[in-house]
Amino acid sequence: MDNFNFLKTDNNGVTISIKIVPNASRESILGYTDEYIKIKICAPPIENKANKQLILFLSKFFSIPKTSIEFISGEKSKIKRLLLNGADIKEIVKKISVYDRISA
């Protein structure tokens with residue numbers, strides 16, 4: 001777990017720190033650093049579109065309901081913290097571990 005400092009267990013699930021790259025040509029995970037996982041989203045960062053698309057992306061990627069994902073902080077920032085309610089940290093780590101560590 002030491003490679004995944006951006007993940008923390010919570011009473012309700014898992015908190016995750018994400019750096020979002022809006023207006024991308026396609027959605028994907030770029031990799032992770034000690035502080036966050038970096039995700040490209042196609043939606044622009046206006047009128048909450050990128051946040052909504054991020055929740056949809058995470059829901060599909062982690063196979064959890066959209067209603068189980070909520071913002072803790074960073075709704076208007078590129079770096080966000082979200083709570084994945086009911087998520088199992090081992091499953092989250094397994095899905096993220098296939099990606100590479102990147103430089104910030």
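Pairs from the list Lys8/Lys80; Lys52/Lys95; Lys8/Lys60 with a Cα-Cα gap above 18 Å: Lys52/Lys95; Lys8/Lys60. Between Ile72, Ile37, Ile20, the Gaussian network model of the chain with springs among Cα atoms under 10 angstrom shows the greatest mean-square fluctuation at Ile72. If you sort the three axes of the alpha carbon gyration tensor as a ≥ b ≥ c, you get a/c of 1.5 or more for the chain and a/b no higher than b/c, which makes it oblate. Remark: the range 77-83, residue by residue, has Karplus-estimated 3J(HN,Hα) of 10, 6, 9, 10, 10, 10, 9 Hz, where x stands for each Gly or Pro and the curve is 6.51 cos²θ - 1.76 cosθ + 1.60 at θ = phi - 60°. Couplings 3J(HN,Hα) for the range 33-46, derived from phi with the Karplus relation 6.51 cos²θ - 1.76 cosθ + 1.60 (θ = phi - 60°), are 10, 5, 8, 7, 9, 9, 10, 8, 10, 6, 6, x, x, 10 Hz, where x marks Gly and Pro.
So if each residue of separation counts as 0.36 nm, and I subtract the Cα-Cα distance between Ser28 and Asp10, what length gain in nm does that give? Walk me through the intermediate numbers first.
Values: separation 18, 0.36 × 18 = 6.48 nm, distance 2.56 nm.
Going from the current span to full extension adds 3.9 nm.
Would you work out what percent of the accessible area of the chain, with all protein chains in place, is carbon or sulfur (probe 1.4 Å)? Numbers along the way, then the final one.
Details: 2850 of 5940 Å².
Solvent-exposed carbon and sulfur of the chain make up 48 percent of the total.
Per residue, the range 34-96 exposes 57 Å² of accessible surface when a 1.4 Å probe is rolled over the protein heavy atoms with every protein chain present. For the range 1-99, the list of GluC sites (Glu not before Pro) that fall in a loop by DSSP and count at most 14 other C-beta atoms within 10 angstrom reads Glu35, Glu47, Glu75. Of interest is the spacing of the C-alpha centroids, which for the range 54-81 and the range 5-46 amounts to 8 Å. For Ser77, the solvent-accessible surface computed with a 1.4 Å probe is close to 50 Å², ligands and nucleic acids excluded.
The values are calculated or read from the model by the stated rules, or taken from the named source; none is laboratory data. Computed from a predicted structure; not experimentally measured. Neighbour counts run over all protein chains shown; Cβ positions are idealised from the backbone, glycine included. The protein model used for the area step is the full one, side chains on, heavy atoms only, and it has no ligands, DNA or RNA in it. Shrake-Rupley method; radii C 1.70, N 1.55, O 1.52, S 1.80 Å.
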